[in-house]
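Contents: one structure, followed by commentary.
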Amino acid sequence: MTDNKQSYTYKQAGVDIDAGEALVENIKPLAASTKRSGADADLGGFGGLFDLRAAGFQDPILVAANDGVGTKLKVAIDAGIHDTVGIDLVAMCVNDLVVQGAEPLLFLDYMATGKLDVAQMTDVVAGIAEGCRQAGCALIGGETAEMPGMYQDADYDLAGFSVGAAERGTLINGSTVAEGDVLLGLASNGTHSNGYSLIRRIVNDKGHDYASDASFAPGQTLGQALLAPTKIYVKSSLAAVRAGTVKALAHITGGGFVENVPRVMPKGTLAEIDSSTWALPGVFGWLKDEGNVTAAEMCRTFNCGIGMVVVVAPEHAAEAKAIFEEGGETVYEIGRIVKGAGKPKCRVTGKAGTWGEDADWSAITADA
């Protein structure tokens with residue numbers, strides 16, 4: 001029988017306000033480390049402020065993006081490694097801003113968990129702050145929700161929101177992409193943040209342990225290798241865009257080449273990508289072999305070693321390549337834009353050795 005005189009507390013219900021306040025104190029210096037012109041990155045108010053004029057803009061167009069990390073978080077939870085998924089969270093947003101020629105300015109996060117672990121969430125925010133520093137944007141606020149009953153104690157979820165800007169008339173949308181243009185591929189940092197439901201299925205079905213050594217990454221555990229953070233292409237991409245060498249950029253996320261490259265191409269064009277122009281990184285070869293994954297499925301699920309595709313005019317290819325390399329990127333010339341029909345499409349061909357000689361490329365096309 002319920003005691004009608006029992007005094008209930010929020011903490012008894014599973015929500016610890018003191019832990020939430022401790023987390024805020026822990027992350028204040030992390031947010032402060034992302035300070036940039038236009039934002040002081042001070043936490044504690046009801047909303048974050050950003051001064052576009054102080055950031056140097058005269059007539060800006062704002063561009064916004066939001067995303068999450070998906071089931072890669074389950075790998076982080078199972079492996080007990082939480083300081084890299086925050087970089088993924090930022091990367092998935094800011095890379096989508098820069099493909100339009102926008103400079104990321106600010107970032108906000110949302111974190112939800114069943115039971116707030118201050119150390120764990122501090123690690124997550126440390127990753128978010130690192131991602132913001134890499135992208136040159138300010139972490140100006142966020143929200144942490146402790147929701148017992150909605151999530152299991154150890155589970156958490158993340159969402160990120162970023163706003164960028166470009167001066168009016170300078171945004172890029174791929175409308176000038178034409179037959180003869182060159183495709184440059186910027187190397188990825190591994191699997192980034194896509195395909196993890198398939199990755200986890202392979203790991204679980206094959207009996208692998210995230211704490212065991214990764215056969216394809218000497219010196220790393222499987223968990224560490226699979227949690228390599230998404231590469232942030234902002235600074236190198238902005239340099240190339242501002243130099244006038246870029247017609248379009250495609251962030252290679254879910255859907256791989258065949259779904260993402262056509263998003264920045266006009267009708268009547270076809271992107272021809274030659275897979276033999278770069279070596280398939282070890283993690284992808286391992287996934288392909290362990291899961292007996294077809295070449296077509298690899299190209300529709302993973303980035304396969306190319307995290308960003310850049311479309312440039314032939315006469316600008318060498319200059320663009322040099323700018324990206326100066327920005328720290330590994331760059332491959334991976335294909336061309338050719339004449340197509342109807343909706344823009346992408347076709348992958350070639351036989352890089354690590355794909356396997358039985359790779360069937362005939363079906364690897366997709367409508368935008």
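The values are calculated or read from the model by the stated rules, or taken from the named source; none is laboratory data. These numbers were taken from a predicted model, which means no experiment stands behind them. Methodologically, a virtual Cβ is constructed for each residue, glycine included, from the backbone with ideal geometry; neighbour enumeration extends over all protein chains shown. We work out accessible area using only protein heavy atoms, side chains counted, and drop any ligands, DNA or RNA first. Shrake-Rupley method; radii C 1.70, N 1.55, O 1.52, S 1.80 Å.
Among the residues examined, Asp88 does not qualify as touching a strand residue (DSSP E or B) at 6+ places or on another chain (Cβ under 9 Å), of a type in the set (Asp, Glu) and surrounded by fewer than 24 Cβ atoms within 10 Å (Cβ to Cβ).
Within region 3-38, the set of residues being in a loop (DSSP other than H, G, I, E, B) and either farther than 29 Å from Gly149 by Cβ or modelled with pLDDT of 85 or more (or both) comprises Ser33, Thr34, Lys35, Ser37, Gly38. With the condition kept exactly as written, say whether any residue in region 164-182 is in contact with a strand residue (DSSP E or B) (Cβ under 6 Å, 6 or more places away or on another chain), of a type in the set (Ser, Thr, Tyr) and touching a residue at least 12 places away in the same chain (Cβ under 8 Å). Scanning region 164-182 turns up no residue that is in contact with a strand residue (DSSP E or B) (Cβ under 6 Å, 6 or more places away or on another chain), of a type in the set (Ser, Thr, Tyr) and touching a residue at least 12 places away in the same chain (Cβ under 8 Å). Could you tell me whether any residue of region 225-236 is in contact with a strand residue (DSSP E or B) (Cβ under 7 Å, 6 or more places away or on another chain), of a type outside the set (Lys, Arg) and modelled with pLDDT of 95 or more? Within region 225-236 (the criterion being in contact with a strand residue (DSSP E or B) (Cβ under 7 Å, 6 or more places away or on another chain), of a type outside the set (Lys, Arg) and modelled with pLDDT of 95 or more), the answer is yes, since at least one residue qualifies. Could you look through region 269-287, keep only residues that are under 19 Å from Val331 (Cβ atoms) and among the hydroxyl-bearing types (Ser, Thr, Tyr), and pick out the one that is surrounded by the fewest Cβ atoms within 10 Å (Cβ to Cβ)? If we take residues in region 269-287 being under 19 Å from Val331 (Cβ atoms) and among the hydroxyl-bearing types (Ser, Thr, Tyr), then Ser276 is surrounded by the fewest Cβ atoms within 10 Å (Cβ to Cβ).
Within region 194-243, the only residue that satisfies the criterion of being at positive phi and either touching a residue at least 60 places away in the same chain (Cβ under 8 Å) or not in a loop (DSSP other than H, G, I, E, B) (or both) is Gly195. The condition (being out of contact with any Leu (no Cβ under 8 Å at 6 or more places or on another chain) and at positive phi) is satisfied by just one residue among Gly174, Gly101: Gly174.
Screening region 121-193 for strands (runs of 3 or more DSSP E) wholly inside it with 2 or more residues that are open to solvent by 30 Å² or more (accessible area, probe 1.4 Å) returns the ranges 138-146, 156-167. The numbered conditions (1) within 29 Å of Gln12 (Cβ to Cβ); (2) surrounded by 19 or more Cβ atoms within 10 Å (Cβ to Cβ) are all true for Tyr110 except (2). Annotation note: Cβ proximity below 8 Å between a residue of region 48-67 that is closer than 12 Å to Ser162 by Cα and touching a residue at least 24 places away in the same chain (Cβ under 8 Å) and a residue that is outside any loop (DSSP other than H, G, I, E, B) and among the acidic types (Asp, Glu) (sequence gap 6+ or interchain) occurs for Ala65/Asp96; Asp67/Asp96. Only residues that are touching a helix residue (DSSP H, G or I) at 6+ places or on another chain (Cβ under 8 Å) and open to solvent by less than 50 Å² (accessible area, probe 1.4 Å) were counted in region 314-348, giving 11. Within region 242-268, take every residue that is open to solvent by less than 40 Å² (accessible area, probe 1.4 Å) and out of contact with any helix residue (DSSP H, G or I) (no Cβ under 8 Å at 6 or more places or on another chain) and give me the one that is farthest from Met92 (Cα to Cα). Once the filter is applied, the top-ranked residue is Gly268. In region 79-116, the residue that is farthest from Gly190 (Cα to Cα) out of those that are touching a residue at least 60 places away in the same chain (Cβ under 8 Å) and acidic (Asp, Glu) is Glu103. Before we move on, is Asp88 out of contact with any Phe, Trp or Tyr (no Cβ under 9 Å at 6 or more places or on another chain), among the charged types (D, E, K, R) and within 26 Å of Arg200 (Cβ to Cβ)? Judged against the criteria, Asp88 is a match. Quick check on region 194-216: of everything there that is polar (S, T, N, Q) and farther than 13 Å from Val75 by Cα, which residue is least open to solvent (accessible area, probe 1.4 Å)? My answer is Ser212. Taking the conditions (1) over 23 Å from Ala250 (Cβ atoms); (2) open to solvent by 30 Å² or more (accessible area, probe 1.4 Å); (3) part of a helix (DSSP H, G or I) in turn, Asp96 satisfies each one other than (1). Total residues in region 288-313 satisfying the condition of being closer than 17 Å to Pro262 by Cα, open to solvent by 10 Å² or more (accessible area, probe 1.4 Å) and not hydrophobic (A, V, I, L, M, F, W, C): the figure is 2.
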